[in-house]
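A short write-up of the structure that comes next.
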Amino acid sequence: MKDLKEVFILKNDQVIEIYKDRLQHYSEVQLRHISEEGTWSIGQMYLHLIEVAFEYLENVEACAEATEEQKLGKTEAGENLFERGGFPPIKIKLPDDPENTPSNSRRKDDLMQGLIQVEEKMGEWEGKVDAINPNFKVKHRGFGWLNAREWFELVDMHFRHHFRQKTELEEKVGL
């Protein structure tokens, strides 16, 4: 198992490979175990990562399809995020809305397929993202106006951000 410092110097596909590798070690019971009210299961965290990755990659595509340049930039939080190269090492609590609570019924195979699809989609965009006009942007509600490259990088940052949570959840199921 890589230590947290090592994870933060890996490439996008290597981080997803760690998630794929670990997924194979969970039983279905461990995948769905919720240790206490207000926390997610490992499976819910995985589904969250997959769904958010696809949302961010849809925004990469929206930037690629844009026809109007956007002169507005990132918020202060967005500037800080990209200067730091990732999310701060803190827990970020989403509002307790049903839309912010991932399903806890996905099977391991479904989650693995989702990770593979994220990898494939990232592979499709990796060679094209830098050719997209950096002034074609889509707004992120917290980070401001991001271009295709920034949305693409945000996928990796988000996976890295949840690595600590993954480690904590694994400890709670005895791994």
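A short reminder: the numbers here are calculations on the coordinates, not readings from a lab. From a predicted model like this one, the values you see are computed outputs, not experimental measurements. Reconstructed Cβ throughout: ideal geometry from the backbone, glycine too, with neighbour counts over all protein chains shown.
Some values worked out for this structure:
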read-out	value
Residue pairs meeting the criteria (Cβ under 7 Å; at least 6 apart or on separate chains; first free of Cβ contacts under 8 Å to residues at least 12 places away in the same chain, in the stretch 29-44; second basic (Lys, Arg) and not in a helix (DSSP H, G or I))	none
Residue within the stretch 72-79 that is acidic (Asp, Glu) and either surrounded by fewer than 13 Cβ atoms within 10 Å (Cβ to Cβ) or in contact with a helix residue (DSSP H, G or I) (Cβ under 6 Å, 6 or more places away or on another chain) (or both) present	yes
Subset of the stretch 80-95 that is in contact (Cβ under 8 Å) with a residue 40 or more places away in the chain and within 18 Å of residue 148 (Cα to Cα) - its residue that is surrounded by the most Cβ atoms within 10 Å (Cβ to Cβ)	81
Filter pass, residue 53 being in contact (Cβ under 8 Å) with a residue 40 or more places away in the chain and buried (at least 18 other Cβ atoms within 10 Å of the Cβ)	yes
Selection from the stretch 30-81 of residues that are in contact with a Lys or Arg (Cβ under 6 Å, 6 or more places away or on another chain), assigned to a loop (DSSP other than H, G, I, E, B) and closer than 24 Å to residue 107 by Cβ	35, 41
Residue check, residue 31 of a type outside the set (Ser, Thr, Tyr) and either under 14 Å from the mean Cα position of the chain (by Cα) or closer than 27 Å to residue 137 by Cβ (or both)	no
